[in-house]
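Comments concern the structure below.
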Amino acid sequence: MDTDLLFSINPGSSEPIYRQLVEQLRRRVASGQLVAGQEIPSVRELAQALAVNPMTVSKAFGLMEAEGLVERRRGLPMVVAAQHQKAMKTRGRVELLRPVLAQAAAEARQLELPPEQVLALFKTLLEDKGETR
Amino acid sequence: MTQAMEPAMTHALAVGDRASAQALADDALGAPPVRASGLRVDFKGQPGVIAGLDWALAPGQVVGLLGRNGAGKTTLLETLLGLREPQAGEVRLFGQPALLPDDALRARLGYVPQQAALFEDFQAGDLLRYFRSFYPRWNDAKVDGLMSRWDIPRDRRVGQLSQGQQQRLSIIRALAHEPDLLVLDEPVASLDPVGRRDFLRELVDQVLDRGTTVLFSTHILSDLERVAFNIAFLSRGRIALQAPQDVLADEVRLLAGPVGRLQAAVDAHGGQVLSRRDLGEQPRWLVRFAEGNAPAPDAVLRCEALNLEDLFLELTQ
């Protein structure tokens with residue numbers, strides 16, 4: 001499994017790396033890109049591939065497990081947990097966007113922007129499938 | 001606060017009370033890799049560059065040392081390694097005085113100085129052979145692997161290597177004897193992004209395979225962010241703040257707004273003010289709240305999470 005593709009790091013973010021990892025996995029499980037039984041790279045593999053402190057990766061894995069995203073198996077690689085048979089319904093998936101959109105909404109209010117203009121910008125971004133930045 | 005966040009280091013101290021210095025040295029396995037107490041260091045006639053610094057590193061910690069230019073990072077690292085005598089205070093490495101290291105202690109230390117201090121007339125290969133003779137342990141496979149991966153010709157004189165190659169050679173020399181404590185002073189300044197990433201992987205390997213304790217200073221914060229689990233800020237001669245990065249990201253917020261609102265928010269949410277900058281109408285306070293306890297921002301009060309760079313700017317202004 002290509003760990004570089006499964007996880008990535010966005011340096012310079014105020015989001016700590018462990019949370020970036022958890023959220024990436026959460027999104028992939030929600031969208032059905034990863035389903036029950038699929039293997040997750042080990043702490044060692046991921047720490048080496050991303051050049052990230054192993055303790056940071058362990059912490060992310062601990063949270064993924066606590067959240068029921070993955071299951072630990074004695075002596076074997078971790079896998080996506082059994083309950084994640086297929087993609088979440090869109091209603092559940094869209095809820096995953098709530099925190100970032102709530103943040104964007106707060107900033108839009110601070111900037112005193114008219115909602116139509118903000119929504120138009122969001123629409124443009126949604127349609128721009130290529131570059132994200 | 002620094003102390004409260006380092007539970008791993010406490011057991012080492014309990015041993016010292018009744019024991020003689022020798023017994024303490026014998027118990028070096030339990031002693032922290034670095035313990036500095038009451039350190040004061042003058043530098044080039046400037047008194048108190050390091051001023052009353054107490055610090056300890058727990059085994060296996062990877063700590064990034066941050067501070068502005070001239071804050072004394074190099075002076076501190078040199079003093080910790082026993083290369084510079086403090087005006088007051090003491091450093092112990094694995095329980096032994098840093099100023100009087102025996103061969104066994106030297107073998108446990110690896111150091112990459114800011115300026116690679118290598119013998120320029122030696123060929124790279126001979127230089128490594130020379131250093132090899134001083135150490136009981138030397139990982140030839142690692143040395144060979146890194147020399148070829150990092151493109152350092154063994155038959156080239158050190159003085160004729162590029163800055164980047166010299167720096168890489170200095171890193172190889174510091175990793176070769178598999179130290180338990182690795183101290184790196186701006187180790188990647190002359191490396192390109194690919195070289196830096198490769199170096200970071202090497203550090204991660206050291207930590208995974210040997211549980212090496214690593215202390216390094218760098219101005220390249222994206223590197224620090226990846227590999228340093230703990231961050232320490234050196235400011236005014238002391239460690240102004242040390243905490244795991246994750247904790248800083250989860251708990252430290254920048255508040256901006258009228259002073260009354262700032263104080264009210266801190267009081268209501270049990271915050272601890274780390275620094276205050278008063279910029280006219282919009283003072284900015286750096287405040288630490290228990291996780292999930294930060295106040296919600298509104299039209300008057302700004303409350304923002306910070307990335308490492310912003311945190312550094314706020315803390316060291």
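General remarks:
- Taking the DSSP beta bridges with both ends in the protein assembly as shown, the antiparallel portion is around 70 percent.
- Among beta bridges from DSSP that stay inside chain B, the antiparallel ones total about 65%.
- Each residue of segment A:56-61 is assigned a 3J(HN,Hα), and the resulting list reads 5, 5, 4, 4, 4, 5 Hz, derived from the Karplus form 6.51 cos²θ - 1.76 cosθ + 1.60 (θ = phi - 60°), x at Gly and Pro.
- Sorting A:63-76, A:19-32 by their mean Cβ neighbour count within 10 Å, with the most densely packed peptide first, gives A:19-32, A:63-76.
- Gyration tensor verdict on segment B:179-317 (Cα atoms; rounded if a/c is under 1.5, prolate if a/b is larger than b/c, oblate otherwise): prolate
- Close amide-amide hydrogen proximity is noted between B:Gln61 and B:Val214, each under 5 Å apart and 5 or more residues distant or on a separate chain (H modeled in the peptide plane; Pro and chain starts excluded).
- Other-chain or far-sequence residues with amide H under 5 Å of B:Ile231's (modelled H): B:Gly64, B:Ala243, B:Gln245
- Helical runs (DSSP H, four residues minimum) scored at -39500 (n - 2.57) apiece and divided by the length of chain A put the mean residue ellipticity at 222 nm at -15500 deg cm²/dmol.
- Relative contact order of chain A, pairs being alpha-carbon contacts under 8 Å that are 6 or more residues apart, as %: 25 percent
- Helix axis angle, B:140-149 relative to chain B longest principal axis, alpha carbon, degrees: 70 degrees
- Under Karplus coefficients 6.51, -1.76 and 1.60, residue-wise ³J(HN,Hα) of segment B:91-105 in Hz, glycine/proline x: 10, 10, 10, 6, x, 9, x, 5, 7, 10, x, 8, 4, 5, 5
- Computed FRET value (nearest 0.05) for A:Lys86 with B:Ala296, which takes r as the C-beta separation and R₀ as 45 Å: 0.80
- Nearest-0.05 FRET efficiency for B:Glu90 and B:Ala141, computed from C-beta distance (R0 41 Å): 0.60
- Where labels lie 7 Å past Cα in the beta-carbon direction, separation of A:Arg27 and B:Gln115 in nm: 4.7 nm
- Cα gyration tensor category, rounded, prolate or oblate, for segment B:19-154 with a/c compared to 1.5: oblate
- Charge sum, other residues only, whose C-beta stays under 12 Å from B:Asp250's C-beta, Lys/Arg counted +1 and Asp/Glu -1: 0
- FRET efficiency for A:Leu113 and B:Ser162, using Cβ-Cβ distance with R0 set to 56 Å, rounded to 0.05: 0.65
- Split chain B at each of the trypsin sites (Lys or Arg not before Pro) in a DSSP loop with at most 11 other beta carbon atoms within 10 Å, and the longest piece is B:138-317.
- Residues of segment B:156-187 with amide N under 17 Å of a point placed 7 Å along Cα→Cβ from B:Phe122: B:156-162, B:165-179
- Estimated inter-spin distance, A:Val100 and B:Tyr130, nm [label 7 Å along Cα→Cβ]: 5.4 nm
- Choice from B:Leu184, B:Leu128, B:Leu175 showing the highest fluctuation, given a GNM over chain B with Cα pairs closer than 10 Å: B:Leu128
- Shape call, segment B:247-316: gyration tensor on alpha carbons, a/c limit 1.5: oblate
- Computed from backbone phi with θ = phi - 60° and the Karplus coefficients 6.51, -1.76 and 1.60, the 3J(HN,Hα) list for segment B:282-294 is 10, x, 10, 10, 9, 10, 9, 10, 4, 4, x, 9, 5 Hz; x is used for glycine and proline.
- Amide H partners (placed H, <5 Å) of B:Tyr111, local residues excluded: B:Val183
- Counting only DSSP H runs of at least 4 residues, each contributing -39500 (n - 2.57), and dividing by the residue count of chain B, the helix-based mean residue ellipticity at 222 nm comes to -10000 deg cm²/dmol.
Any read-out appearing in this document is the output of simple, stated calculations on the displayed coordinates, not a laboratory observation. From a predicted model like this one, the values you see are computed outputs, not experimental measurements. So basically every Cβ, Gly included, is an ideal-geometry build from the backbone, and we count neighbours across all protein chains shown.
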